[in-house]
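Here the structure is laid out as structure tokens; the discussion comes afterwards.
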Amino acid sequence: VFLEEGIRTGGIGVSLHDAISQAPTMQNRAYTTLAIDSFGEGKLGESLYKTLGISAEDVVKAFLG
């Protein structure tokens, strides 16, 4: 699990994912990347993390379904 509150494209999380997924022992495995595609504005009464889909609840849902 690697959590990063940066943009998906060019982020360290995606770079790490790319490197790990090329390792012979890590191929043919399912991966989930939870990251934002661009910075946005928050919604009134909601945290920016929740608005962007990267809140603690969103992370749990990504892993547990």
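The values are calculated or read from the model by the stated rules, or taken from the named source; none is laboratory data. Computed from a predicted model, the values in this text were never measured in an experiment. Reconstructed Cβ throughout: ideal geometry from the backbone, glycine too, with neighbour counts over all protein chains shown. What goes into the accessible areas is simple: the full protein's heavy atoms, side chains included, and nothing from ligands, DNA or RNA. Shrake-Rupley method; radii C 1.70, N 1.55, O 1.52, S 1.80 Å.
Starting from the stretch 1-28, take each residue that is in contact (Cβ under 8 Å) with a residue 60 or more places away in the chain and list its partners that are surrounded by 11 or more Cβ atoms within 10 Å (Cβ to Cβ), counting only C-beta distances under 9 angstrom and pairs at least six apart or across chains. Pairs that qualify, where the first residue is in contact (Cβ under 8 Å) with a residue 60 or more places away in the chain and the partner is surrounded by 11 or more Cβ atoms within 10 Å (Cβ to Cβ), are VAL1/VAL59.
Here the stretch 51-65 is the region considered, the condition is being free of Cβ contacts under 8 Å to residues at least 40 places away in the same chain and among the aliphatic types (A, V, I, L, M), and the residue that is most open to solvent (accessible area, probe 1.4 Å) is LEU64. Among the candidates LEU48, LEU16, LEU44, the residue that is among the aliphatic types (A, V, I, L, M) and exposed (fewer than 10 other Cβ atoms within 10 Å of the Cβ) is uniquely LEU44.
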